[in-house]
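Have a look at this one before I ask anything.
The values are calculated or read from the model by the stated rules, or taken from the named source; none is laboratory data. Model, not experiment: these values are computed from the prediction. Methodologically, a virtual Cβ is constructed for each residue, glycine included, from the backbone with ideal geometry; neighbour enumeration extends over all protein chains shown. For the accessible areas, the whole protein counts, side chains as well, though only heavy atoms, and no ligand, DNA or RNA atoms are used. Shrake-Rupley method; radii C 1.70, N 1.55, O 1.52, S 1.80 Å.
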Amino acid sequence: MKNIVVLGSTGSIGTQTLEIVRETKELNVLALAAGNNVELIERQIREFHPGKVVMWSEEAAQELKLRVADLSVEVLQGMDGLIEISTLPQAQIIVTAIVGMIGIRPTIAAIEAGKTIALANKETLVTAGHIIMPLAESKNVSILPVDSEHSAIFQSLQGNEKNRISKIWLTASGGPFRGMKKEQLTNMKPSDALKHPNWAMGKKITIDSSTLVNKGLEVMEAKWLFGTDLDRIEVLVHPQSIIHSAVEYEDGAIMAQLGMPDMKLPIQYALFYPERKPLGGKRVNFFELGRMTFEKPDTDNFPGLRLAYEAAKVGGSMPTVYNAANELAVQYFLKEQISFLEIAELIESSMQEHRVIANPNVDEILFAEAQTYEYIKSRFN
């Protein structure tokens, strides 16, 4: 029985993680953390019986305390609570499925405490990879990717870790607007962008998929996870989402991981690595599939990916600006305060405005985020 902590238990990755706990019966939930979804986390507490639970806001924490007063669970709040449950002595795996840069400090604390990290919080590596990866190496801590694409790369490296990578093929579905031109994208609404053709995900990541920003964030994440130069990471649009990513070696051999688009597979792989466990769900039927197709990404009509490469090449605090600008722009788009195309425009202008910090510490990373938010908000006041 493995003891796990789930940060972000009410989101898409968090709820699917708990489905795996329910189905395998080989995992024990020590603690959960969520933002403000009191109703759902109450149900999770009553089913999985964690000893500690964290709510981000004080108001949500107070409400939850009243709801679970009949249970022996400790309700904590905010960053201090996240760090406390991420360093519980009994915890073996910390699932970082929390959204946003609030995941950085708990992840660092968990690594310093020697915990295995099942990483779904891509912002941690995008903005602080230069801190996280050396720390994990020094503490001999495993960071196991939960993202479908990074899990596929990780699986494709098994048994070949000592061989030189020639190229990483990072696949993308292309999102709901694949093939469209800017004049078509101008009038696209959040309801259009949220209709992903293959994956069931949260709103933020689904919008990011439609702009190709999600793929840009994954490029930056892959750079840190696998110690690979940017020019060895190539994005490949694969609309069927059967090949989840691949690794090409120096001899020309390409190892790929294939499967149906189902996030439970990479989550379960991280939780039980290196062992594979049975998993229900639909299987790939090659006869029904018939064919798989591949395209180059369209960075003219979807500049979010191009901007990600630019941010990663500059490095330092620039990836933080890219990430922060996108986060706020997506919020504005979901509220229909800006157009679809303005998401990339706000990212680019924020990057142009920023004065780069070459090797930022955590405080400087969070300051760069705050500066970016301030700049974007000033444009709308």
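Examine segment 176-188 for a residue that is touching a His at 6+ places or on another chain (Cβ under 9 Å) and under 24 Å from Gly100 (Cα atoms), and state whether such a residue exists.
Taking every residue of segment 176-188 in turn, at least one turns out to be touching a His at 6+ places or on another chain (Cβ under 9 Å) and under 24 Å from Gly100 (Cα atoms).
Polar (S, T, N, Q), crowded, with 17+ Cβ neighbours inside 10 Å, at pLDDT below 95 and closer than 22 Å to Glu348 by Cα: does that describe Ser173? Write out each step before concluding.
Details: polar (S, T, N, Q): yes; crowded, with 17+ Cβ neighbours inside 10 Å: yes; at pLDDT below 95: yes; closer than 22 Å to Glu348 by Cα: no.
Criteria not met by Ser173.
Just to be sure before I move on: is Ile85 farther than 25 Å from Val330 by Cα, open to solvent by less than 40 Å² (accessible area, probe 1.4 Å) and either in contact (Cβ under 8 Å) with a residue 60 or more places away in the chain or not in a loop (DSSP other than H, G, I, E, B) (or both) in the structure I sent?
In short, yes.
Could you tell me whether Met180 is under 30 Å from Glu137 (Cβ atoms) and not charged (D, E, K, R)?
Against the criterion (under 30 Å from Glu137 (Cβ atoms) and not charged (D, E, K, R)), Met180 does not qualify.
Right, here's the next one. Just to be sure, is Pro106 in a loop (DSSP other than H, G, I, E, B), modelled with pLDDT of 95 or more and closer than 27 Å to Gln268 by Cβ?
no
Can you list the helices (runs of 4 or more DSSP H) found entirely within segment 190-249 that contain at least 3 residues being under 19 Å from Ser151 (Cβ atoms)?
Counting at least 3 such residues, we get 203-211, 213-225.
Spot the failing condition for Tyr322; the list is (1) closer than 26 Å to Arg164 by Cα; (2) touching a residue at least 12 places away in the same chain (Cβ under 8 Å); (3) out of contact with any His (no Cβ under 7 Å at 6 or more places or on another chain), and only one is missed.
In the conditions (1) closer than 26 Å to Arg164 by Cα; (2) touching a residue at least 12 places away in the same chain (Cβ under 8 Å); (3) out of contact with any His (no Cβ under 7 Å at 6 or more places or on another chain), Tyr322 misses (1) alone.
Between a first residue in segment 142-164 that is under 29 Å from Thr206 (Cβ atoms) and a second residue that is acidic (Asp, Glu), which pairs have beta carbons less than 9 Å apart while being 6 or more apart in sequence or on different chains?
From residues that are under 29 Å from Thr206 (Cβ atoms), the pairs are Pro145/Glu221; Asp147/Glu218; Asp147/Glu221; Ser148/Asp262; Glu149/Glu218; Glu149/Glu221; His150/Glu218; His150/Glu221.
For segment 318-338, name all the residues that are surrounded by fewer than 24 Cβ atoms within 10 Å (Cβ to Cβ), in contact with a Lys or Arg (Cβ under 9 Å, 6 or more places away or on another chain) and polar (S, T, N, Q).
Gln331
Then there's this: Looking at segment 28-67, which of its residues are among the basic types (Lys, Arg), more than 27 Å from Lys115 (Cα to Cα) and in contact (Cβ under 8 Å) with a residue 24 or more places away in the chain?
Hit for segment 28-67 is Arg67, nothing else.
Every residue in segment 135-153 that is of a type outside the set (D, E, K, R), farther than 15 Å from Ala97 by Cα and in a loop (DSSP other than H, G, I, E, B), please.
If the condition is that a residue be of a type outside the set (D, E, K, R), farther than 15 Å from Ala97 by Cα and in a loop (DSSP other than H, G, I, E, B), then Asn140, Val141, Ser142 are the ones that fit.
Do you know which residues across segment 109-134 are outside any helix (DSSP H, G or I) and open to solvent by less than 10 Å² (accessible area, probe 1.4 Å)?
Ile117, Ala118, Leu119, Asn121
Let me confirm something: among Asn36, Asn3, which residue is open to solvent by 10 Å² or more (accessible area, probe 1.4 Å), at pLDDT below 95, under 24 Å from Ala109 (Cα atoms) and not in a helix (DSSP H, G or I)?
Asn36
Could you tell me which of the residues Ala270, Ala308 is closer than 21 Å to Glu26 by Cβ, buried (at least 16 other Cβ atoms within 10 Å of the Cβ) and either touching a residue at least 60 places away in the same chain (Cβ under 8 Å) or of a type outside the set (Lys, Arg) (or both)?
On the way: Ala308 fails: closer than 21 Å to Glu26 by Cβ.
Only one candidate qualifies: Ala270.
How many residues does segment 88-103 hold that are surrounded by fewer than 24 Cβ atoms within 10 Å (Cβ to Cβ) and either part of a helix (DSSP H, G or I) or modelled with pLDDT under 95 (or both)?
Counting residues in segment 88-103 that are surrounded by fewer than 24 Cβ atoms within 10 Å (Cβ to Cβ) and either part of a helix (DSSP H, G or I) or modelled with pLDDT under 95 (or both) gives 4.
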